[in-house]
Amino acid sequence: MSGAASETKRAALARRVEKIVANTPVFDIHTHLYDPAFKELLLWGIEELLVYHYLVAEAFRYLDVPYEQFWPLSRTRQAELIWNALFVQHSPVSEACRGVLTTLNLLELDARKRDLPALRRWFAKQNVEKHVTRCLELAKVERICMTNSPFDDLERPVWEKGFRRDERFVAALRVDPLLLAWNDTARRLVEWGYEVGAALSAPVISEARRFLSDWTKRIQAKYLMVSLPPDFRFPDVNGCAQLIEKAVLPHCREFGLPFALMLGVKRAVNPALRLAGDGVGLADLQSVQNLCAGFPENKFLVTALPRENQHELCVLARKFRNLHVFGCWWFTNVPHVVEEMTRMRLELIGLSVTPQHSDARVLDQLVYKWAHFREILSRVLTDKYAALSRAGWEPTTAEIQRDVKDLFGGAFEGFCQAR
Ligand code: FIX
Ligand code: ZN
């Protein structure tokens with residue numbers, strides 16, 4: 001084929017892939033968004049977009065206001081400081097800043113005038129319910145996994161009281177306090193009627209399992225999840241490893257649910273930054289190997305925060321089919337790293353992966369997080385299909401659609417359903 005003919009063929013392939021990637025709905029398997037029934041827990045709008053902890057961390061690179069003077073300020077004032085530092089006084093080139101602009105742009109708002117009050121006026125006129133639907137439609141997100149914590153004092157009473165579920169919002173049971181702060185958590189479980197104590201005796205474990213069962217049923221959890229620090233090891237003699245082995249894993253087996261491990265977050269590296277103060281450290285993937293090999297009847301969803309863990313994690317997934325790799329989490333969710341991770345994953349584990357989740361904390365972020373990822377995925381898939389074509393394999397449109405569906409939630413669903 002001549003150079004010109006092969007370029008035309010590649011351009012046609014790129015258009016076909018882009019169209020399919022743009023139009024395939026997503027199941028966003030990890031977010032911090034809430035069913036609208038949770039009212040003010042569902043964050044949305046320009047103020048929340050600006051005070052997102054990713055932007056707070058970046059703004060403090062430029063601000064000279066002391067941390068302790070920043071936090072008591074109203075959200076409006078915090079948002080103004082961030083807007084000035086990150087959008088007015090410097091060009092918003094970081095991924096989190098660009099994200100705000102992509103979102104505004106796709107919502108058809110004009111940010112070119114740098115007019116924050118005008119943006120605020122637009123958001124003030126929106127109705128939440130309609131805005132939820134609009135953002136989901138723009139992001140082409142069909143369903144969303146929430147992060148649901150019985151230990152959250154604002155969230156727990158809503159579940160206890162009960163409400164009509166919005167079927168677009170799926171629950172996932174977050175168990176960090178149970179695994180990482182057992183002594184404090186045990187006291188709370190006692191208040192809630194579970195007969196537990198500090199020592200992890202057999203009756204205490206069985207009560208911890210009763211707690212997990214009650215909440216799994218109450219919220220209809222799709223999976224259980226925890227974020228773990230770099231020094232997490234399994235097996236181990238500490239409470240965390242014991243609770244995983246004796247309570248969480250048997251519980252997951254009983255209910256047929258995956259256990260999601262989000263590895264390598266160093267909490268509160270700079271506590272003065274609050275939610276923005278977490279860092280990253282290399283995770284120990286030998287522990288993941290031990291879990292996958294030691295508990296073949298359990299299913300593990302795993303994402304890792306350090307870029308340096310990504311290759312080893314893919315290799316592990318080649319060895320253990322009870323391991324499903326997901327997402328470009330947090331500090332890895334920057335285009336350069338997302339592209340590298342997505343290429344590497346497809347090259348090592350094909351389409352048996354969920355390459356992205358949004359981790360959105362603010363509803364409107366769905367719009368940019370998925371727009372940005374679709375752009376990268378289109379590029380990566382076009383390269384892959386073009387390479388197949390050079391090897392004499394022409395993927396049909398139906399095959400490309402099937403593949404993208406898998407990447408956008410199909411493979412995850414298949415993994416959850418597998419016995
Ligand atoms: O542990 C998590 O689920 C993390 O995603 C959060 O703790 C983190 O604050 C975040 O929003 C990252 O995107
Ligand atoms: Zn998260």
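The values are calculated or read from the model by the stated rules, or taken from the named source; none is laboratory data. Quantities reported herein were computed from a predicted structural model and do not represent experimental measurements. Using ideal geometry, Cβ is built from the backbone for each residue, glycine included, and neighbour counts are taken over all protein chains shown. Keep in mind that these areas ignore ligands, DNA and RNA; they rest on the heavy atoms of the full protein, side chains included. Shrake-Rupley method; radii C 1.70, N 1.55, O 1.52, S 1.80 Å.
Taking the helices alone, the chain has a mean residue ellipticity at 222 nm of -14500 deg cm²/dmol, built from -39,500 (n - 2.57) per DSSP H run of at least 4 residues and averaged over all its residues. Please label the shape of the range 144-297 as rounded, prolate or oblate, based on the square roots a ≥ b ≥ c of the eigenvalues of the alpha-carbon gyration tensor (a/c under 1.5 means rounded; beyond that, a/b larger than b/c means prolate, else oblate). Judged from the Cα gyration tensor, the range 144-297 comes out rounded (a/c under 1.5).
Seen from a random direction on average, the alpha-carbon convex hull of the range 332-415 projects onto 6.0 square nanometres. Counting protein heavy atoms only, the range 225-359 has 53 percent of its accessible area on carbon and sulfur, 1.4 angstrom probe. The overall shape of the range 252-351 is oblate: from the C-alpha gyration tensor, with semi-axes ordered a ≥ b ≥ c, the ratio a/c is 1.5 or greater and a/b is no larger than b/c. If R0 equals 45 Å, the separation of the Cβ atoms of Arg402 and Gln69 corresponds to a calculated FRET efficiency of about 0.25. Shown for the chain are no DSSP H helices, since none reaches 24 Å along its axis, judged by Cα atoms, with a mean Kyte-Doolittle hydropathy of at least 1.0. Applying both filters, DSSP loop and at most 10 other Cβ atoms within 10 Å, to the trypsin sites (Lys or Arg not before Pro) of the range 1-65 gives Arg61. Accessible area per residue for the chain, computed on protein heavy atoms with a 1.4 Å probe, is 45 Å².
Rounded, prolate or oblate: which fits the chain when a ≥ b ≥ c are the square roots of the eigenvalues of the alpha-carbon gyration tensor, with rounded for a/c under 1.5 and prolate only if a/b beats b/c? Note, shape of the chain comes out oblate. Partner lysines whose Cα lies under 23 Å from the Cα of Lys9, excluding those fewer than 8 positions away in the same chain, are identified as Lys19, Lys384. Shown for the range 1-123: the carbon plus sulfur share of the solvent-accessible area, taken with all protein chains present and a 1.4 angstrom probe, equals 52%.
Ignoring aspartates and glutamates fewer than eight residues from Lys266 along the same chain, the ones with Cα atoms less than 16 angstrom from its Cα are Asp176, Asp231, Asp278, Asp284, Glu308. Separation of the alpha carbons by more than 21 angstrom is noted, of Lys39/Lys130; Lys39/Lys125; Lys130/Lys405; Lys217/Lys405, for Lys130/Lys405; Lys217/Lys405.
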